[in-house]
There are 2 protein chains.
Amino acid sequence: MTPKYKVDHTGCPIAFAAEAFGDKWTLLILREVLLFKKKHFDELLSMREGIASNILASRLKGMEASGLLVKQEDPANGRRVIYSPTEKALDLLPACVELILWASKHDPETGVPADMLARIRRNRAKAIREMRAPFD
Amino acid sequence: MTPKYKVDHTGCPIAFAAEAFGDKWTLLILREVLLFKKKHFDELLSMREGIASNILASRLKGMEASGLLVKQEDPANGRRVIYSPTEKALDLLPACVELILWASKHDPETGVPADMLARIRRNRAKAIREMRAPFD
DNA sequence: CCTGAGTACTTGCAAATAGCAAGCGATCGT
DNA sequence: ACGATCGCTTGCTATTTGCAAGTACTCAGG
């Protein structure tokens, strides 16, 4: 079931963001999809943080409803479902990049690879384009 | 009380972000503090989205614990408390700016003022510096 | 076909969290 | 010294989360 306690957004961009992914699981699913190119339910289910299958199903439903993901049947295998990020989700990559920079500065146990940081810092726009390329 | 269902982050920048503010209320409090310069409990309590006082108190406690806010007594008025953003919180401004750009593109009822968008697009770094200036 | 395994979910229930309304305690202004 | 202000806390119910198990389809092999 889709959560009932929601924010009434009315124009504010941060409230709009909070409504779309102001929830730890939604954010982590976005990470899996955008950054690790996960496409299937079972791949998402086995993310390191350990999401429960009912929560995953409810979040995927919400993300589909809010236009972050599209769901399609795998033409090569009728049991599989493919979840892919929409333009709306892909357009979050710049914000993700800022979060990566932020975390690499403030997380004492950051695991962001040095070469990734260097690549982002050398040319941020290019790094974002390269992260996005596999989806186009 | 601070929530018990947490993410085990272990190095991932997005999980680190989810742990710090992967919660709609925390994100909205950050907005009030960073973007609207709110400093007091009652100001935060009256945000448009209608947060309950116990939830606000628990989130403020969590944000203090995670180093996003510092709490100090108002020297001019002993009943008042001043919450101010730390460096860690201020360093989220670039990500906020990206979210503003994202929402202005994808929210059909966006209320982001056109001149703010123009200012950001003209010179993003300068806009961020200006947003940050009042806190330095 | 039949069967077993793969994949994407659902369901039922207990535990945790959110939201609401009310109250409490320490200042402060008068 | 008294009421108002401000920042919470408490008690209670509603909602959500997490867990373990189960269901429903599909495919591949014999």
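The values are calculated or read from the model by the stated rules, or taken from the named source; none is laboratory data. Computed from a predicted structure; not experimentally measured. Neighbour counts run over all protein chains shown; Cβ positions are idealised from the backbone, glycine included. Quick note on the areas: whole protein, heavy atoms, side chains included, nothing else; ligands and nucleic acids left out. Shrake-Rupley method; radii C 1.70, N 1.55, O 1.52, S 1.80 Å.
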Placing a label point 7 Å from Cα toward Cβ, how far apart in nm is residue B:81 from its equivalents in the other copies, listed shortest first to one decimal?
4.3
Assume the label is 7 Å from Cα along Cα to beta carbon: what separations in nm does residue A:45 have to the matching positions in the other copies?
4.6
Taking only the alpha carbons of segment B:1-86, the radius of gyration and the largest Cα-Cα distance, Dmax, both in angstrom, are 13.3, 42
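For segment A:92-136, state the average projected area of the convex hull of the C-alpha atoms over all orientations, rounded to one decimal in nm².
3.2
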Short version: what are the Cα gyration tensor semi-axes of the protein assembly as shown, square root of 5 times each eigenvalue, largest first, in whole Å?
31, 22, 19
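For the pairing of chain A with chain B, what total accessible surface becomes buried, with a 1.4 angstrom probe, in square angstrom to the nearest 100? If you can, show how the numbers build up before the last one.
Details: alone 8970 and 8980 Å², together 14050 Å².
Its buried surface, counting both partners, is about 3900 Å².
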Residue-normalised value, i.e. accessible area per residue, for the protein assembly as shown at 1.4 Å probe, in Å², stands at 52
Springs between alpha-carbon pairs under 10 angstrom, Gaussian network model over chain B: which of B:116, B:63, B:47 fluctuates most?
B:116
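How many Cβ atoms of partner chains, on average, are near each residue of B:84-95 if near means within 10 Å of its Cβ?
Working: counts 0, 0, 1, 2, 4, 1, 0, 6, 4, 2, 7, 10.
Taking all residues of B:84-95 together, the mean is 3.
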Find every distance from the label point of residue B:129 to the corresponding label point in the other copies (7 Å from Cα along Cα→Cβ) and write them in nm, one decimal, shortest first.
2.6
With every protein chain in place, the protein assembly as shown: carbon and sulfur % of accessible area (1.4 Å):
54
Angle check, please: helix A:53-65 long axis (alpha carbons) against the longest principal axis of chain A (alpha carbons), in degrees 0 to 90, nearest 10.
80
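For A:24-33, what's the mean count of beta carbons from other chains sitting within 10 Å of each residue's beta carbon?
Numbers: counts 12, 4, 2, 9, 7, 0, 2, 6, 1, 0.
Mean shielding count: 4.
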Please tell me the relative contact order of chain A in percent, rounded to the nearest whole number, where contacts are Cα pairs under 8 Å and at least six residues apart.
17
Shielding by partners, peptide B:105-114 (average Cβ within 10 angstrom, other chains)
5
Across A:39/B:39; B:24/B:126; A:37/B:38; B:71/B:105, pairs whose alpha-carbon gap is larger than 31 Å
A:39/B:39; A:37/B:38; B:71/B:105
